[in-house]
1. What's the number of the only condition in (1) buried (at least 24 other Cβ atoms within 10 Å of the Cβ); (2) of a type in the set (Lys, Arg); (3) in a helix (DSSP H, G or I) that ARG122 fails to meet?
2. Let me confirm something: among ALA102, ALA196, ALA128, which residue is within 12 Å of the ligand (Cβ to nearest atom), in the same structural domain as PRO22 (by TED's automatic domain parsing) and crowded, with 24+ Cβ neighbours inside 10 Å?
3. So which of GLU134, GLU212 ends up being buried (at least 17 other Cβ atoms within 10 Å of the Cβ) and among the acidic types (Asp, Glu)?
4. Could you run through the range 11-33 and say how many residues are within 15 Å of the ligand (Cβ to nearest atom) and touching a residue at least 12 places away in the same chain (Cβ under 8 Å)?
5. Which members of the range 34-58 meet the condition of being within 16 Å of the ligand (Cβ to nearest atom) and in a helix (DSSP H, G or I)?
6. Go through (1) out of contact with any strand residue (DSSP E or B) (no Cβ under 7 Å at 6 or more places or on another chain); (2) in the same structural domain as LYS44 (by TED's automatic domain parsing) and name the single condition ALA226 misses.
7. Where residues in the range 19-48 are surrounded by 22 or more Cβ atoms within 10 Å (Cβ to Cβ) and of a type in the set (S, T, N, Q), which of them is farthest from LEU188 (Cα to Cα)?
8. Would you check if ILE101 is in contact with a strand residue (DSSP E or B) (Cβ under 9 Å, 6 or more places away or on another chain), within 15 Å of GLY145 (Cβ to Cβ) and of a type in the set (A, V, I, L, M)?
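The values are calculated or read from the model by the stated rules, or taken from the named source; none is laboratory data. Nothing here was measured: the structure is a model prediction, and the numbers come from that model. In this analysis, Cβ positions are derived from the backbone assuming ideal geometry, glycine residues included, and neighbour counts consider all displayed protein chains.
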Amino acid sequence: MTYDNLLIERDGAVAVITVNRPKLLNALDSQTIDELRRAVLDLKADEAVRVVILTGSGDKAFVAGADINELAVQRPTSGKEHALGGQHVLDLIENMGKPVIAAINGYALGGGCELAMACTLRMAADSAKLGQPEIKLGIMPGYAGTQRLSRLVGKTKAMELILRGHHISAQEAYEIGLVNRVVPAAALMDEARTLAAELAGHAPIAMRYIIEAINKGLEMPFAEAAIFEATLFGLLASTEDMREGTQAFLDKRKAEFRGK
Ligand code: CO8
């Protein structure tokens, strides 16, 4: 599959998607959103890929938002279609069934912050800046940022970040629970690859069900979510990986998970 605005690299069980429009700080135009959709579906279907890293090209930006050149000429109907199209792609990322690590190497603003929030885990360079500055353009988040940000950091912080539209540092993002970890900028990709390698050694079906239990379960009443969890737990008992994992512990050896 070929892409104009993405770079895809495969290294064993880990794939790296790089949004590659550095002159526009990796802003997401419709074509890039569609390329992301195709890349995510391709990597989801590829059983050899167990973990994905998502990052931006260059050292200045992860993604500086939706492409404002397109936003400037949108009409009500096309605006809604753009927002729904982007939401669909972010849903695909969130529910890909494999951990997706956002390696936030610079500005993650607007649609860029929304993209990072759809990822399973977020690691930020200490130089990164995050925010939802849409209000300054007379608009609001459209890739479900009002919802994901409130769920990740709580209503109080989300209201302030989205209404003020200011940028926050990676350290502040860590303190409010928006990112999992802050690392020196020069070490970001090495750290992301180390985490990806760790996760790639885990049982893929168990990881898929954990992501599903947390994502879907958070939208359910607690008691139903707990039953959903128990059902997925039960399903794991049918996997070779469960037998391998438990037997390896008893044999005092390292488990080799095959995703079966
Ligand atoms: N879209 C288009 N072009 C952009 C964008 C963007 N989001 N961000 C930066 N660029 C361009 C600049 O215009 C500039 O282009 P040129 O060199 O041709 O003048 C180039 O990238 C470099 O940017 P700057 O010169 O501005 O670099 P600075 O270091 O001075 O500033 C900033 C960096 C602070 C990141 C600044 O570029 C900025 O504020 N960018 C805009 C950030 C923003 O507002 N993002 C939110 C956009 S709205 C959004 O994401 C909504 C999502 C939901 C949409 C749903 C429907 C589609």
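1. Here ARG122 clears every test but (3).
2. Among ALA102, ALA196, ALA128, only ALA128 is within 12 Å of the ligand (Cβ to nearest atom), in the same structural domain as PRO22 (by TED's automatic domain parsing) and crowded, with 24+ Cβ neighbours inside 10 Å.
3. Details: GLU212 fails: buried (at least 17 other Cβ atoms within 10 Å of the Cβ).
Being buried (at least 17 other Cβ atoms within 10 Å of the Cβ) and among the acidic types (Asp, Glu) holds for just one of GLU134, GLU212, which is GLU134.
4. 14
5. ASP34, GLU35, LEU36, ARG37
6. With (1) out of contact with any strand residue (DSSP E or B) (no Cβ under 7 Å at 6 or more places or on another chain); (2) in the same structural domain as LYS44 (by TED's automatic domain parsing) applied to ALA226, the lone miss is (2).
7. That would be THR32.
8. No: the conditions fail for ILE101.
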